[in-house]
Amino acid sequence: MKQIRSMVLVSSDTKSMEQGALWVFLRLQEELKRLNLDEEVAISMIGDIGRHYASPLVIVYPEAVAYSPVSPSDVPYLVEEHLKNGRIATRLQNHSRELSRRVAWLSARKGTIPAEQRIVLRRVGLIDPMEIEDYIVHDGYDALGRALTEMTPDAVISEIQASGLRGRGGAGFPTGLKWKFVKETPDGGHKYVICNADESEPGTFKDRYILEGDPHSIIEAMAIAAYAVGASKGYIYVRGEYALAQERLRNAIEQAEQLGLLGDNIFGTDFCFRINVHSGAGAYICGEETALIESIEGKRGEPRARPPFPTTKGLWGKPTLVNNVETLANIPAIIKNGNRWFRKFGTASSPGTKVYTILGNVNVTGCIEVPMGITLREVVAIYGKGMKDQSALKLAQTGGSGGSVIPSSLQDTPMDFDSFSKAGVSLGSGALLICNEDTCIVDLAIVLMNFFRTESCGKCTPCRVGNQRAYEILTRISEGQGTLNDIDTLDQLSDHLFRLSNCGLGQTASTPLRDIIRHFRAELEAHIRLKTCPCGICPTSAPLELESVAFPQV
């Protein structure tokens, strides 16, 4: 057999598959065989590398050249020009020069984290997520082996606590402390580990990106967590629409079991652990951990009253550890490299990196991983390549519908848990919706409240009634029929939603209301006092000439 001289990778994320990535892959196989190159050139499918400039994407190593979009009809030219004649297929580079530079930069990292500083996404786009051998070659399961053979459960938990890792699902609770609570709770024979992959926040797709591109990292992390807290069974609760992620997770579990990395006596020890993949049914409320647990138990997805918390009484009444996908994806790297290494990234109070999805009025959208403490201004300028059409930043919303509405005046605030908390806003799950000055704050609020009133499970009155009431008031304001008293009513509703709602859905529904009133009251009053929409979006009137109106300073 000839020595492999080139590696061809074809993106297989959901968008790429919809655009014909599988046919590109099959055509590549045919052309390589036709030209007798199939023994010299390896071909595999991977997730993308975080930029959807065009799909499908084809990357050729060792040159690290990216071609996109590639259609089946482009394949003969690509194979003939690049893989046979050794020349860059320039005709296919029109849309991908920036992407090629990014791929080259990633491939040259040589064991260090590149400028985007990837920990969670370090393998995404570099390995075939369907092949466990690719994962193992890139240090896969090293951390699990070290944990099981060199560390006690207490030592594992101490390492995670010392790293300062905080939950990446939005709450920012110390991960090691949660693990400690579960370990120290009497189990009565059973404990469970659950990966919350029910990513239902609008605009958020970072968890899907991790699951599709590096599924074994979650398997390994859950096994480490189970060993630390004393669990023998785990569940991955995946959003129902994530069919590709579920397929790759089930494949990863099967491969890990075949190699003895899951199941009985892992790494020759007494530790036994098995994982099931549980598909969600489209309920946003099941992203809340107790509603998720109810769903796994076969009940209607409604939140439980807390306390008791899942750490003491969770799945089937047993101590249960529930962690977000991104949180778990940090675990193997911490165990392998140590807490001091992890603390080199981010800030003192919020170590590590954060995965963000960038959407909205920026020139480049997609998924990035950057150090905690980066500013919104840097994200927009560096990774979003600036605002579209040279427009001005008006606001950004973090964390999906329940995230804070950040005015441009706070764009230099470090994006970490404590700095945002001191500024009166929250970091959320990591979806960054970037909006320019053409965004009407009332219209945005209506969209958000409509989402919450639809997704509310209806179990508690504050959420069921409060979101509906807020939606009706905002709609009336948008139609030029509001009163100044409506703003006070919205403020009260926000307070009641936060303090009285049974779970996080109602509590986070208060967040955008609170921020809109605090930072954009003048725009609300323009709709009420002047019966007009300054942005020309609402039904009240055409855009208002703001220079002729004096608004009070916020």
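Just so you know, all these numbers are worked out from the coordinates, no wet-lab data involved. Source: prediction; values computed, not measured. Positions of Cβ are generated from backbone atoms using ideal geometry, with glycine treated the same way; all protein chains shown enter the neighbour counts.
The order of the peptides 23-31, 487-495 by mean Cβ neighbours within 10 Å, most packed first, is 23-31, 487-495.
Round to a whole angstrom and tell me the spacing of the C-alpha centers of segment 292-359 and segment 191-243. Computed from Cα coordinates, the inter-centre distance equals 9 Å. Within the same chain, lysines fewer than 8 places from Lys33 are excluded, and of the rest, those with a Cα less than 16 Å from its Cα are Lys2, Lys84. Evaluate E = 1/(1 + (r/R0)^6) for Trp23 and Gln481, where r is the Cβ-Cβ distance and R0 equals 51 Å; express this FRET efficiency to the nearest 0.05. Taking R0 as 51 Å, the efficiency between Trp23 and Gln481 is 0.40.
DSSP assigns beta bridges within the chain; of those with both partners inside it, close to 50 percent run antiparallel.
For a straight C-alpha distance cut-off of 19 angstrom, the lysines reachable from Lys206 (same-chain residues fewer than eight places away being disregarded) are Lys15, Lys354. Run the reach check for Lys318 against lysines, Cα to Cα strictly under 29 Å, same-chain hits fewer than 8 apart removed. What comes back? Partners found: Lys178, Lys180, Lys183, Lys191, Lys233, Lys299, Lys459. Lacking any other cysteine beta-carbon closer than 4.7 Å, the following Cys residues of the chain have no compatible partner: Cys195, Cys272, Cys286, Cys367, Cys435, Cys457, Cys460, Cys463, Cys503.
The order of the peptides 36-42, 69-75, 9-15 by mean Cβ neighbours within 10 Å, most packed first, is 9-15, 69-75, 36-42. Based on DSSP H segments of at least four residues, each scored -39500 (n - 2.57), the chain has a per-residue ellipticity at 222 nm of -11500 deg cm²/dmol. State, as an integer percentage, the relative contact order of the chain based on alpha-carbon contacts under 8 Å between residues 6 or more apart. So the answer I get is 11 percent.
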